[in-house]
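Following: one structure in structure tokens, then a few remarks.
The values are calculated or read from the model by the stated rules, or taken from the named source; none is laboratory data. Computed from a prediction, not measured in an experiment: that's the story for all the values here. Cβ placement follows ideal geometry from the backbone for every residue including glycine, while neighbour counts extend to all protein chains displayed.
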Amino acid sequence: MTPYTAMLRPLVIFLSLLFATPSTQAQNVDEFVPSNLLWFFYHEMGHALIDIYEMPIFGQEEDAADVLSVLMVNEFFEEELSRQIINNAAYAFISFSEMNEDDDNAIYADVHGPDLQRLYTMACLFIGGNFEERKELADLYEIPDDRLEGCEEEFNLAYSSWWSVMDEAAVEGGGETVVFLGKSSKDDPIKQAMFEIFDEELKELNKYYAFEHDIKVDIEDCDEPNAFYLPDERTIIMCTEMATLLGEMLE
Ligand SMILES: [Zn+2]
């Protein structure tokens, strides 16, 4: 059930930060940036799988993509590392919400839900994925009791919805369906760091999964801090500006 349990990546640093409050904790850039790049990559994988498997989505697709991201973090990482990734993503959502706090149009007209709502739903689902061990995190993420009560049920529904597709793709011996187009760029430290993170991550995905079509992943300069899934090319683009912005959030 947790094929990546033994997997520890180079980004595993400073686990002691886990139990600080997300709004006040001093994050470490070596942990924060890779954690969030993975978080947003899994979100883009959600868009890719919705496209490839022609999944019916009865709501905001952006929410469905966030849900897959939580499920992947829950499934692929051992407990402390998964907590670290969720905690770093929470801090990023708080930072994003602060950037937009005076702009109702940006908050409510966007295809994504409001950042703080994304944070609460992520945290609730994560807690629901291992309720007895994680329910104490409700204080950290300020999840009210009436939401907390339903988190396990929310997780179970999300899991049974998404994991039917993931189970179908989980095959003995894995595959080569996640195709990395990124190149090592020794003269560009951000690209190089991103190359190393995704080179490792995509190899891990290919060890366990073979998807119905190839999904290409590339690292590009995009002129905006973002990540995209391009359905026509079945390609996920992770923008270097996203890594830069995440790094700047801690300054
Ligand atoms: Zn999205």
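For the stretch 53-131, please list each of the helices (runs of 4 or more DSSP H) lying entirely inside it that holds at least 2 residues being surrounded by 20 or more Cβ atoms within 10 Å (Cβ to Cβ) and modelled with pLDDT of 90 or more.
Result: 61-76, 79-99, 115-128.
Does the stretch 206-221 include one or more residues that are without any contact (Cβ under 8 Å) to a residue 12 or more places away in the chain, farther than 20 Å from GLU31 by Cα and within 19 Å of the chain's Cα centre (by Cα)?
No, every residue in the stretch 206-221 fails to be without any contact (Cβ under 8 Å) to a residue 12 or more places away in the chain, farther than 20 Å from GLU31 by Cα and within 19 Å of the chain's Cα centre (by Cα).
Conditions tested, residue by residue: (1) among the hydroxyl-bearing types (Ser, Thr, Tyr); (2) without any contact (Cβ under 8 Å) to a residue 60 or more places away in the chain; (3) touching a Ser or Thr at 6+ places or on another chain (Cβ under 8 Å); (4) within 16 Å of the ligand (Cβ to nearest atom).
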| position | (1), (2), (3), (4) |
| --- | --- |
| PHE41 | no, no, no, yes |
| LEU81 | no, no, no, no |
| ILE85 | no, yes, yes, no |
| LEU116 | no, yes, yes, no |
